[in-house]
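K.L.:
Sharing a structure here in structure tokens format.
The values are calculated or read from the model by the stated rules, or taken from the named source; none is laboratory data. Keep in mind the model is a prediction, meaning the values are calculated, not measured. Here Cβ is always computed from backbone atoms with ideal geometry, including for glycine, and neighbour counts include all displayed protein chains. Each accessible area value is taken on the protein alone, full model and side chains, heavy atoms only, with ligands, DNA and RNA left out. Shrake-Rupley method; radii C 1.70, N 1.55, O 1.52, S 1.80 Å.
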Amino acid sequence: MTRVQQDGEFPEQADENRRIWDANARWWDDRIGGGNDFQVLLIEPATDRLLDVRAGDTILDAACGAGRYARRMAALGARVVAFDYSAEFIARARARTAADAAIEYHVLDAGNAEAILSLAATRFDKAVCTMAIMDMPEIRQLFAALSRVLVPGGAFVFSVTHPCFHSAAIQRFAEIHEEDGGRHVARSGVKVSSYLSPFARKTEGIIGQPEPQWFFHRPLSALFRAGFDAGFVVDGMEEPGFPPGHAKPGVRWTNMPDIPPIMVVRMKLSGVGRE
Ligand SMILES: C[S@@+](CC[C@H](N)C(=O)[O-])C[C@H]1O[C@@H](n2cnc3c(N)ncnc32)[C@H](O)[C@@H]1O
């Protein structure tokens, strides 16, 4: 079932979404908690470059899952406050984190701006959200809260599945072509037949997961507008593709080096539109 909502906010999916993340958390963390190709080759290097963690930074990690990126930032000397609304994921995060790590975990809904504001005893230098905004039914409250908990000029770096190429409604294909020289070559790509309308639709984030999860598609304009309306501007962006040498049998993202399956965006407060 696909639900279309022009403002890109899907509050009616919020409760079920949390239940599904709790149901999938342990299975997900067993599968990818140690790092998969997406995390190791695409998400983490691009996020590292855009976030530029410095020792002494205080950083908010929104929708931290089992805390893999929170621990990476703490290892670089940052003090991290991390939250997720799945209690199961936060239990995994705590179990995976050394007692003396400079990380505080909270169970909290990114759709609740007041709850996020309660975390900000002091303002954050930076904020990050890795691969979760397309999993969130509502995003406007998150941007609004971030505009108030970041220091002036503070950066918010987020990664998402690339809205143009990698939504729950695209088809991936592999075809055999004959090139000019007469050789047969395999080519992989994506077919996009819907993009402009925000929609919610069930999908498998990892094939075979216990329950399909909700995926919330927002075109770039809607996604960025949520940040612009809260006073952010985009000042950095990467669209990483898989480097050559990682091709695998099947119709896979690793076989499409010229199509970015994710994008990583850095926003900063512009000083316009803030409360
Ligand atoms: C694909 S996981 C990514 C987790 C982690 N950031 C990572 O990169 O491994 C998406 C996460 O978003 C969380 N999430 C979804 N909606 C949320 C919300 N409204 N508030 C807080 N967390 C949410 C889920 O519980 C899940 O942990």
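K.L.:
Limited to the range 161-216, what total is found for residues that are part of a strand (DSSP E or B) and of a type outside the set (Lys, Arg)? Spell out how you get there, then give the answer.
P.N.:
Our first condition is that a residue be part of a strand (DSSP E or B); within the range 161-216, this holds for 161, 171-178, 184-191, 199-203, 213-216.
Then drop every residue that is not of a type outside the set (Lys, Arg), which leaves 161, 171, 173-178, 184-186, 188-190, 199-200, 203, 213-216.
Number of matching residues: 21.
K.L.:
Go through (1) closer than 30 Å to Phe228 by Cα; (2) not in a helix (DSSP H, G or I) and name the single condition Leu142 misses.
P.N.:
That leaves (2) as the condition not met.
K.L.:
Out of the residues in the range 131-164 that are away from the ligand (no atom under 16 Å from the Cβ) and in contact with a Phe, Trp or Tyr (Cβ under 9 Å, 6 or more places away or on another chain), state the one that is farthest from Asp235 (Cα to Cα). Before you say what the answer is, go through the steps one by one.
P.N.:
Within the range 131-164, the subset away from the ligand (no atom under 16 Å from the Cβ) is 147-148, 150-155, 164.
Checking which are in contact with a Phe, Trp or Tyr (Cβ under 9 Å, 6 or more places away or on another chain) leaves us with 147, 150-151, 154, 164.
Details: Ser147: 15, Leu150: 16, Val151: 16, Gly154: 11, Cys164: 20 Å.
Among them, the one singled out is Cys164.
K.L.:
Pick from the range 1-24 the residues that are within 11 Å of the ligand (Cβ to nearest atom) and among the small types (Gly, Ala, Ser): which of them is farthest from Glu138 (Cα to Cα)?
P.N.:
Only one residue tops the list, namely Ala23.
K.L.:
Would you mind finding the one in Gly231, Gly250, Gly245 that is open to solvent by 60 Å² or more (accessible area, probe 1.4 Å) and more than 20 Å from the chain's Cα centre (by Cα)? Working first, answer last.
P.N.:
Working: Gly231 fails: open to solvent by 60 Å² or more (accessible area, probe 1.4 Å); Gly250 fails: open to solvent by 60 Å² or more (accessible area, probe 1.4 Å).
Every option except Gly245 fails the conditions.
K.L.:
For the range 148-160, how many residues are outside any strand (DSSP E or B) and open to solvent by less than 40 Å² (accessible area, probe 1.4 Å)? Show your work before the answer.
P.N.:
The first filter runs over the range 148-160 and keeps only residues outside any strand (DSSP E or B), leaving 148-149.
Okay, now just the ones that are also open to solvent by less than 40 Å² (accessible area, probe 1.4 Å), so 149.
The number of residues fulfilling the criteria is 1.
K.L.:
Say we look at the range 119-147 and pick out the residues that are at pLDDT below 95 and not hydrophobic (A, V, I, L, M, F, W, C); which of these is least open to solvent (accessible area, probe 1.4 Å)? Break it down into steps so the answer makes sense when it comes.
P.N.:
Step one: of the range 119-147, the residues at pLDDT below 95 are 119-123.
From what's left, not hydrophobic (A, V, I, L, M, F, W, C): 122-123.
Working: Thr122: 82, Arg123: 111 Å².
The selected residue is Thr122.
K.L.:
So, one more: Looking at Asp57, is it surrounded by fewer than 20 Cβ atoms within 10 Å (Cβ to Cβ) and among the acidic types (Asp, Glu)?
P.N.:
On the way: surrounded by fewer than 20 Cβ atoms within 10 Å (Cβ to Cβ): yes; among the acidic types (Asp, Glu): yes.
So Asp57 fits the description; yes.
K.L.:
Whether any residue in the range 25-43 is within 10 Å of the ligand (Cβ to nearest atom), of a type outside the set (S, T, N, Q) and touching an Asp or Glu at 6+ places or on another chain (Cβ under 6 Å) is what I want to check.
P.N.:
yes
K.L.:
Additional query: Looking at (1) away from the ligand (no atom under 12 Å from the Cβ); (2) under 17 Å from Ala70 (Cβ atoms), find the lone condition where Val128 falls short.
P.N.:
So Val128 meets the others, but not (1).
K.L.:
Identify all residues within the range 45-89 that are part of a helix (DSSP H, G or I), farther than 20 Å from Glu238 by Cα and near the ligand (Cβ under 9 Å from one of its atoms); write none if there are none.
P.N.:
Scanning the range 45-89 gives Arg68, Ala70, Glu88, Phe89.
K.L.:
Every residue in the range 206-223 that is surrounded by 17 or more Cβ atoms within 10 Å (Cβ to Cβ) and in contact with a strand residue (DSSP E or B) (Cβ under 9 Å, 6 or more places away or on another chain), please. Spell out how you get there, then give the answer.
P.N.:
Of the residues in the range 206-223, the ones surrounded by 17 or more Cβ atoms within 10 Å (Cβ to Cβ) are 213-219, 222-223.
Of everything in the range 206-223, those that are surrounded by 17 or more Cβ atoms within 10 Å (Cβ to Cβ) and in contact with a strand residue (DSSP E or B) (Cβ under 9 Å, 6 or more places away or on another chain) turn out to be Gln213, Trp214, Phe215, Phe216, His217, Arg218, Leu223.
K.L.:
Would you check which residues across the range 217-264 are in a helix (DSSP H, G or I) and either among the aromatic types (Phe, Trp, Tyr) or without any contact (Cβ under 8 Å) to a residue 40 or more places away in the chain (or both) and list them? First the steps, then the outcome.
P.N.:
Narrowing the range 217-264 to residues in a helix (DSSP H, G or I): 220-229, 253-255.
Of everything in the range 217-264, those that are in a helix (DSSP H, G or I) and either among the aromatic types (Phe, Trp, Tyr) or without any contact (Cβ under 8 Å) to a residue 40 or more places away in the chain (or both) turn out to be Ser221, Phe224, Arg225, Phe228, Trp253.
K.L.:
For the list (1) away from the ligand (no atom under 16 Å from the Cβ); (2) closer than 14 Å to Leu60 by Cβ; (3) open to solvent by less than 70 Å² (accessible area, probe 1.4 Å), I need the number of the one condition that His177 fails.
P.N.:
(2)
K.L.:
While we're here: Please enumerate the residues belonging to the range 91-118 that are assigned to a loop (DSSP other than H, G, I, E, B) and open to solvent by 30 Å² or more (accessible area, probe 1.4 Å). Working first, answer last.
P.N.:
Filtering the range 91-118 for residues assigned to a loop (DSSP other than H, G, I, E, B) gives 97-102, 108-112, 118.
Matches in the range 91-118: Ala98, Ala99, Asp100, Ala101, Ala102, Asp109, Asn112, Ser118.
K.L.:
Here's another thing I want to ask about it. Against the conditions (1) under 17 Å from the mean Cα position of the chain (by Cα); (2) closer than 19 Å to Ile207 by Cα; (3) aromatic (Phe, Trp, Tyr), where does Phe83 fall short? Just the number, please.
P.N.:
(2)
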